[in-house]
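Enquirer: Please read through the structure below; I'll follow up with questions.
The values are calculated or read from the model by the stated rules, or taken from the named source; none is laboratory data. Please read all numbers here as calculations on a predicted model, not as lab measurements. Quick reminder, even Gly has a Cβ in these numbers, built from the backbone with ideal geometry, and neighbours come from all protein chains shown. Surface accessibility is based on the protein's heavy atoms, side chains included, excluding ligands, DNA and RNA. Shrake-Rupley method; radii C 1.70, N 1.55, O 1.52, S 1.80 Å.
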Amino acid sequence: MRPDGGHPMEETLDPQDWQAMRALGHRMVDEMMAYLEGVRERPVWQPIPDEVKEFFHRPLPLEPEGAEQAYRDFREFILPHPMGNIHPRFWGWVIGTGTPLGMLAEMLAAGVNPNMGGGEQVANRVETQVLDWCKEMLGYPTQASGLLVSGGSMANLVGIAVARNAKAGFDVRRDGVGAAPRRMVLYGSVETHGSVQKAVELLGLGSENYRRIPVNAEFQIDVGALEAAIAEDRSAGHQPFCVVGNAGTVNTGAFDDLGRLAELCAREGLWFHVDGAFGAIARLAPGLRHLTAGMERADSLAFDLHKWMYMPIEIGCALVRDAEAHRHSFSLTPDYLAHGDERGLAAGPIWFSDYGIQLTRGFRALKAWMSIKEHGASKYGRLVQQNVDQARHLAALVDAAPELERVAPAPLNIVCFRFRAEGMDEVALDQLNRELLIRLYESGIAAPSYTMIHGKYVLRAAITNHRSRREDFEILVQAVIRLGEELVREGATGPLRETD
Ligand SMILES: *Cc1c(COP(=O)(O)O)cnc(C)c1O
């Protein structure tokens, strides 16, 4: 007999010394809390040292190194070299920060470790409740179906998959898209996120049949141009089937006129999908709610909880108005998964595997459930408003600085701007701003990202960060001006203009 009662020939992955594992766990919690508490004191980001890169070429361990050693290596080689998105001055792409309780909830979820594909288990009820709360927060119909997914990309894929199957007019699941008598066409603005194109391609619809409609000066879809494109496709004998509306575009935070898009879709018999990856959450702030008007009329709605609800990555959500259409797109019940029982583990009404691609699914619902209970929905609304107020503050600082130029409207939480210098042409300005951003990263002071607006290379701060303070934007603006002036001085003596 082993000390724990097991047969001497049998092994397990449980610790031999539970007391030591418990002590290690306590240390991890203590050290991670200190790490999060002190995040502001560290650089946002730093280049990865060569010896750290080297470390990750070490060979496969065949023999145990032990839990202590694994954690020591985590502390030495992983923890000090973060992406930076937990830092108060990270505003790159659209990436949330996470929270301490979210981190602990991830641990609890992994401890319980259920498979959220189905079965009679209470964890499913947690996800159902989180979906109900999401519908309530977003004003979406209560009878809608939904699914927690890895993020907005997967949520867009789910929504557009249901749109395709519901609107095809034939059995796409059986016959395949090749059986379509007419080209199935869908529409979105040129500002629509790349994940929509990926979904279109993956669903066999073909990016040629995804019409990219121009935007107005506010970066909203030009509804007149959209109507004209639909009419043109109809007269060419094609089959328009779906419009993708934006609740918060990734470049500038623009909202399409969702009410008008909903009406147009109703009139034309088209599926209305809304990508609200971060912008949908603006509905929680009373002062921003009007932007989302019409979103509640979407046939499907994709959004993230790991962006503007600051939950640990990954968690996004797809909601579908017509629950039957949703189930019809994904349910498949081979014998080994039959779930018609009245009683027992395989009973229960909730089989999320019937609503998405994954069969084995993680308990991501728990971090959402605990986070929403911890803070309440109203606090998220205040934080969203706080980020929008901070974006306005940043826009005002940029507008007030003669060295800087704002290059797009900032209706929400995203500010696009660049350093400008007398007498430099556009090519030189692009180069200067590109180098400026790299130096800003290397300084560790702040981490916005960049995008192209009207063909110009611009810095872009997207604020989905509950740790940012007003002063952080002042620090950003000062650093950008200082680095820009430094580059102009260097450029006057030569190198900048020749570099790529
Ligand atoms: C981030 C984003 C997505 C993709 O969501 P992920 O969570 O990164 O998969 C889609 N649309 C918009 C507007 C986004 O900002």
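Enquirer: With the crude spin-label approximation of a point 7 Å out along Cα→Cβ, what separation in nm comes out for M103 versus Q19?
Expert: 2.8
Enquirer: Given only helices, namely DSSP H runs of n ≥ 4 each adding -39500 (n - 2.57), what is the per-residue ellipticity at 222 nm of the chain, to the nearest 500 deg cm²/dmol?
Expert: On the way: 16 runs with 204 residues, N = 500.
For the chain, the value works out to -13000 deg cm²/dmol.
Enquirer: Compute the label zone of E51 within the range 66-89: residues whose backbone N is under 14 Å from the point 7 Å along Cα-to-Cβ.
Expert: Once the point is set 7 Å along Cα→Cβ of E51, 76-78 turn out to lie under 14 Å by backbone N, inside the range 66-89.
Enquirer: Report the rotationally averaged projected area of the range 103-148 based on its alpha-carbon convex hull, in square nanometres. Before the final figure, lay out the partial values.
Expert: Numbers: hull surface 15.2 nm².
The number I arrive at for the range 103-148 is 3.8 nm².
Enquirer: Right, next: Take A377 and R173, extend 7 Å from each Cα along the Cα→Cβ direction, and tell me the distance between the two endpoints in nm.
Expert: 3.2
Enquirer: In the calculated pair distance distribution of the range 147-242, what percentage of Cα-Cα distances lie above 18 Å? Numbers along the way, then the final one.
Expert: On the way: 2204 of 4560 pairs.
Every Cα pair in the range 147-242 considered, those over 18 Å come to 48 percent.
Enquirer: Order 115-122, 172-179, 407-414 from most to least packed using the mean count of other Cβ atoms within 10 Å. Could you put the intermediate results ahead of the total?
Expert: Numbers: 115-122: 17.6, 172-179: 11.9, 407-414: 23.9.
My ranking of the peptides, most packed first, is 407-414, 115-122, 172-179.
Enquirer: Quick one: with all protein chains in place, what share of the accessible area of the range 1-134 is carbon or sulfur, to the nearest percent (1.4 Å probe)? Before the final figure, lay out the partial values.
Expert: Details: 5190 of 8730 Å².
C and S fraction of accessible area: 59 percent.
Enquirer: Which of the lysines could be linked to K456 by a straight reach, that is with a Cα gap under 30 Å, when you skip same-chain ones fewer than 8 residues away?
Expert: The reachable lysines, counting only those whose Cα sits under 30 Å from K456, are K198, K307.
Enquirer: For an R0 of 41 angstrom, estimate the FRET efficiency from the Cβ-Cβ distance between R343 and A323 and round to the nearest 0.05.
Expert: Details: r = 24 Å, r/R0 = 0.59.
FRET efficiency, R343 to A323: 0.95.
Enquirer: In addition: For the range 171-214, give the magnitude of the charge dipole about the Cα centre (Cβ charges: +1 Lys/Arg, -1 Asp/Glu; no others), in debye to the nearest 20.
Expert: On the way: 7 positive and 5 negative charges, 17 e Å.
Here the size comes out at about 80 debye.
Enquirer: Starting from the Cα of K456, step 7 Å toward the Cβ, then list every residue of the range 384-406 with an amide N under 18 Å from that point.
Expert: So the set is 394-406.
Enquirer: Also, I was wondering about something else. Specify the inter-centroid distance of the range 129-199 and the range 220-260, based on alpha-carbon positions, in whole Å.
Expert: 15
Enquirer: If you plug each phi of the range 81-91 into the Karplus form 6.51 cos²θ - 1.76 cosθ + 1.60 with θ = phi - 60°, what whole-Hz ³J(HN,Hα) values come out, in order, with x for Gly and Pro?
Expert: Whole-Hz 3J(HN,Hα) from phi for the range 81-91: 10, x, 5, x, 6, 7, 7, x, 10, 9, 9.
Enquirer: Quick one: of the DSSP bridges fully inside the chain, what percent are antiparallel, nearest 5? Working shown, then result.
Expert: Details: 24 of 42 bridges.
Once the DSSP bridges in the chain are tallied, antiparallel ones form about 55 percent.
Enquirer: Starting from 0.36 nm per residue, how many nanometres of slack lie between L202 and A70 once their C-alpha separation is accounted for?
Expert: Numbers: separation 132, 0.36 × 132 = 47.52 nm, distance 3.82 nm.
Working it through step by step, the gained length comes to 43.7 nm.
Enquirer: Taking 0.36 nm per residue of sequence separation and subtracting the Cα-Cα distance, how much length would be gained by fully extending the chain between E218 and E422, in nm to one decimal? Could you put the intermediate results ahead of the total?
Expert: Details: separation 204, 0.36 × 204 = 73.44 nm, distance 2.74 nm.
Once the chain is fully extended between E218 and E422, it gains 70.7 nm.
Enquirer: Right, here's the next one. Give me the Debye-computed log₁₀ of I(q)/I(0) at q = 0.22, 0.27 Å⁻¹ for the range 176-225, equal point scatterers on Cα only, no solvent, two decimals.
Expert: Debye intensities relative to I(0), on a log10 scale: -0.79, -0.99.
Enquirer: So if each residue of separation counts as 0.36 nm, and I subtract the Cα-Cα distance between L62 and E268, what length gain in nm does that give? Display every interim value, and only then the final one.
Expert: Details: separation 206, 0.36 × 206 = 74.16 nm, distance 6.18 nm.
Full extension from L62 to E268 adds 68.0 nm.
Enquirer: Here is a further query. In nanometres, what is the gap between the two model label sites at M83 and R482, each 7 Å from Cα along Cα-to-Cβ?
Expert: Those two pseudo-labels are separated by 2.8 nm.
Enquirer: While we're looking at this one, here's another question. Helices from the chain with mean Kyte-Doolittle at least 0.0 and a Cα length along the axis of 20 Å or more, per DSSP H: which? Present the calculation step by step, with values, prior to reporting the outcome.
Expert: Working: long enough: 18-37 (28 Å, -0.20); 122-138 (24 Å, -0.06); 152-167 (22 Å, 0.55); 377-400 (35 Å, -0.28); 426-443 (25 Å, -0.14); 470-492 (34 Å, 0.03).
Span-like helices in the chain: 152-167, 470-492.
Enquirer: Could you tell me the extents of the range 348-412's C-alpha atoms along the three principal axes, largest first, rounded to whole Å?
Expert: 63, 28, 15
Enquirer: Still on this structure: Would you mind classifying the chain by shape? Square roots of the alpha carbon gyration tensor eigenvalues, ordered a ≥ b ≥ c; an a/c under 1.5 is rounded, otherwise it is prolate if a/b is larger than b/c and oblate if not.
Expert: In terms of gyration-tensor shape, oblate.
Enquirer: Another one. At q = 0.17, 0.24, 0.29 Å⁻¹, what base-10 log of I(q)/I(0) does the Debye formula yield for the range 211-275 when every alpha carbon is treated as an equal point scatterer in vacuo?
Expert: -0.56, -1.05, -1.40
Enquirer: Net charge around A408, counting only other residues with Cβ within less than 15 Å of its Cβ (Lys, Arg = +1; Asp, Glu = -1)? Provide the component values of the computation, followed by the final result.
Expert: On the way: positive: R392, R406, R418, R420, K456, R460; negative: E191, E218, D399, E405.
Value of the local net charge: +2.
Enquirer: For H26, tell me the accessible area in Å² from a 1.4 Å probe, rounded to the nearest 10.
Expert: 110
Enquirer: For the range 314-413, which trypsin sites (Lys or Arg not before Pro) are both in a DSSP coil and crowded by at most 11 other Cβ atoms within 10 Å?
Expert: Numbers: sites: R321, R327, R343, R361, R364, K367, K373, K379, R382, R392, R406; in loops: R321, R343, R361, R364.
Answer in residue order: R343.
Enquirer: Take every Cα-Cα distance within the range 378-494, group them into 5 Å bins from 0 onward, and report for each bin the whole-number percent of pairs it holds.
Expert: Cα pair-distance distribution for the range 378-494, in percent: 2, 12, 23, 24, 19, 11, 5, 3, 1, 0, 0.
Enquirer: Please report, as a whole percent, how much of the solvent-accessible surface of the range 246-326 comes from carbon and sulfur atoms (probe radius 1.4 Å).
Expert: On the way: 1040 of 2160 Å².
Percent of accessible area from carbon and sulfur atoms in the range 246-326: 48.
Enquirer: So the label point goes 7 Å from the Cα of E120 along Cα→C-beta, right? Which residues of the range 332-357 then have their backbone N under 17 Å from it?
Expert: Zone members listed by number: 337-352.
Enquirer: May I pose another question? Could you run the Debye sum over the Cα atoms of the range 18-121, one equal point scatterer each and no solvent, and tell me log10 of I(q)/I(0) at q = 0.23 Å⁻¹, two decimals?
Expert: -1.32
Enquirer: While we're looking at this one, here's another question. Let me understand the range 249-336 better: what is its radius of gyration from the alpha carbons, and its Dmax, in angstrom?
Expert: Values for the range 249-336 (Cα only, Rg and Dmax): 15.1, 51 Å.
Enquirer: Counting only heavy atoms of protein chains, what accessible area per residue, in Å², does the chain have with a probe of 1.4 Å? Please list the in-between numbers first.
Expert: On the way: 23690 Å² over 500 residues.
For the chain, the per-residue accessible area is 47 Å².
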